[in-house]
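The values are calculated or read from the model by the stated rules, or taken from the named source; none is laboratory data. Keep in mind it's a predicted model, so treat the numbers as computed, not measured. Reconstructed Cβ throughout: ideal geometry from the backbone, glycine too, with neighbour counts over all protein chains shown. All accessible areas refer to the heavy atoms of the entire protein, side chains included, with ligands and DNA or RNA removed. Shrake-Rupley method; radii C 1.70, N 1.55, O 1.52, S 1.80 Å.
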Amino acid sequence: MSIKKRTKIREVLISSKFGSEFTLKGWVKTRRGSKKIAFIALNDGSTINNIQIVADITDFPEDLLRQVTTGACISVTGTLTPSMGSGQDVEIKATKIELYGPADPGSYPLQKKGHSLEFLREIAHLRPRTNTFGAILRLRHAMSYAIHKYFNDNGFYYLHTPIITGSDAEGAGEMFRVTTLDMMNPPKNGEGQIDYREDFFGRETNLTVSGQLEGELGALALSDIYTFGPTFRAENSNTPRHLAEFWMIEPEMAFYDINDNMDLAEDFLKYLVVYALENYFEDLQFLNNMYDKDLLSRLNSVINSDFVRITYTEAIDILNTSGVKFEFPTNWGSDLQSEHERYLVEKHFKKAVIITGYPKKIKPFYMKQNEDGKTVRAMDVLFPRIGEIVGGSQREENMQKLESRITELNLPRKDLWWYLDTRRFGSAPHAGFGLGFERMMLFITGMGNIRDVIPFPRTPNNAEF
Ligand code: ATP
Ligand code: MN
């Protein structure tokens, strides 16, 4: 494909075709200069770096240059020359400037640098134009691409699992209802309850909280699959690590046990970090310098050390002998909270940690039960500054054990008939995990709030844009 009309700034900045003519298009970051010369810093999103445009004021109509202000969109044609100034190797000596869209200096909100991330959330429609969100969005693309590349290169197939689901047995969180019923006047059954048989799908439906159960169907036919799609949880947790709409990557593998599952998760996570460092170093360096001086060293430390692997029981022992007073209980049987996870990762081991063998009481029905009758083959991967980044398990392939868990937990067996069929016909050991994409993005970018690593965050009381 060749669209020859213009060159991306990323390419021009590394070009040495001095004297050649280029056409560049982008948005003005700043304009400064003297009575004779205007220096325009132009950015088109292809790189964190701007190109300097040098315009001799006498060459252009006064009215045109007056409108070349921060935020305006222009097209520039000119010749590439080595730059005299510091800070850049090359610049463009403009011969032609065309104004696509001015941006009124009195009302364009991104005049000055250094807006707070909170303010930028209120203008999420414009924040992609900032250096920070340019870097984050390029890295988000990079990680999406690397995820598909990793799985494709390793023989996994991308499986599209449904977004609207009729099963509410996943148990991963509160769900959003999907309905076309008239909310003012819903049809009722004999007992006065809403009659969902009259709803669009003839039953109750929700937005999915996880593609895992359907992912297992794929793995038990194609061997190795992964999903990568949006998931929805109506959890009213206003934390910096939870969104109501987030993206999840869920590989599911036939013939994997819990150890194979851990090996894959560790290899996969390290691959993504290496990919970012090797291909998007400038963006990472920018974020390191602007927001988090430890970002690059943290990324390097994760790829250069083995993840610690301990059991839940060992984790509880460590917490109980730590001498630290935690807010939440640390008795055997309690779920690990973020404060516990971060203590283990950041204070105790100073490395990524994988915890296995959780009490079955605090984990979902589908996890493979250990012989002790108390624990399941779950695994959570914990990362510095994030806590849980991956949750997964070996799955229970034994029909009787699975059915007894469904009964114990009082789950709607009739909605799971299709899931149970995989255990009736050609059941196989298998395992999988879920990586929260935005949790990974928090780790990669060093951002502190999950609202800043997705273009348009959905959180309680917020669905603007
Ligand atoms: P947490 O305890 O942090 O709420 P969870 O146990 O509910 O997580 P899982 O159901 O195991 O998480 O989901 C798999 C992964 O999805 C998690 O490891 C995490 O990376 C991510 N995740 C879960 N809930 C959210 C959310 N509300 N927003 C963003 N990512 C999430
Ligand atoms: Mn949760």
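Tabulated results
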item: Selected residue [of a type in the set (Lys, Arg), open to solvent by 60 Å² or more (accessible area, probe 1.4 Å) and either in contact (Cβ under 8 Å) with a residue 12 or more places away in the chain or within 16 Å of ligand 2 (Cβ to nearest atom) (or both)] from Arg385, Arg413; result: Arg385
item: Strands (runs of 3 or more DSSP E) completely within segment 358-465 that count 1 or more residues being farther than 18 Å from Leu213 by Cα and not aliphatic (A, V, I, L, M); result: 375-383, 387-394
item: Filter result for Ala244 (among the hydrophobic types (A, V, I, L, M, F, W, C) and either within 12 Å of ligand 1 (Cβ to nearest atom) or free of Cβ contacts under 8 Å to residues at least 60 places away in the same chain (or both)); result: yes
item: Sole exception among (1) within 16 Å of ligand 1 (Cβ to nearest atom); (2) over 25 Å from Thr208 (Cβ atoms) for Ile249, by number; result: (2)
item: Search result, residues across segment 103-121 that are part of a helix (DSSP H, G or I) and either within 20 Å of the chain's Cα centre (by Cα) or polar (S, T, N, Q) (or both); result: Leu117, Glu118, Leu120, Arg121
item: Unmet requirement for Leu299, which otherwise passes all of (1) under 22 Å from Asp452 (Cα atoms); (2) in contact with a Gly (Cβ under 8 Å, 6 or more places away or on another chain); result: (2)
item: Single unsatisfied condition, Ala219 versus (1) within 16 Å of ligand 2 (Cβ to nearest atom); (2) crowded, with 17+ Cβ neighbours inside 10 Å; result: (1)
item: Total residues in segment 342-378, condition over 26 Å from Glu216 (Cβ atoms) and in contact with an Asp or Glu (Cβ under 6 Å, 6 or more places away or on another chain); result: 0
item: Matching residues in segment 227-260 - criterion: being under 21 Å from Gly432 (Cα atoms), open to solvent by 30 Å² or more (accessible area, probe 1.4 Å) and either within 12 Å of ligand 2 (Cβ to nearest atom) or outside any strand (DSSP E or B) (or both); result: Arg233, Phe255, Tyr256, Asp257, Asn259, Asp260
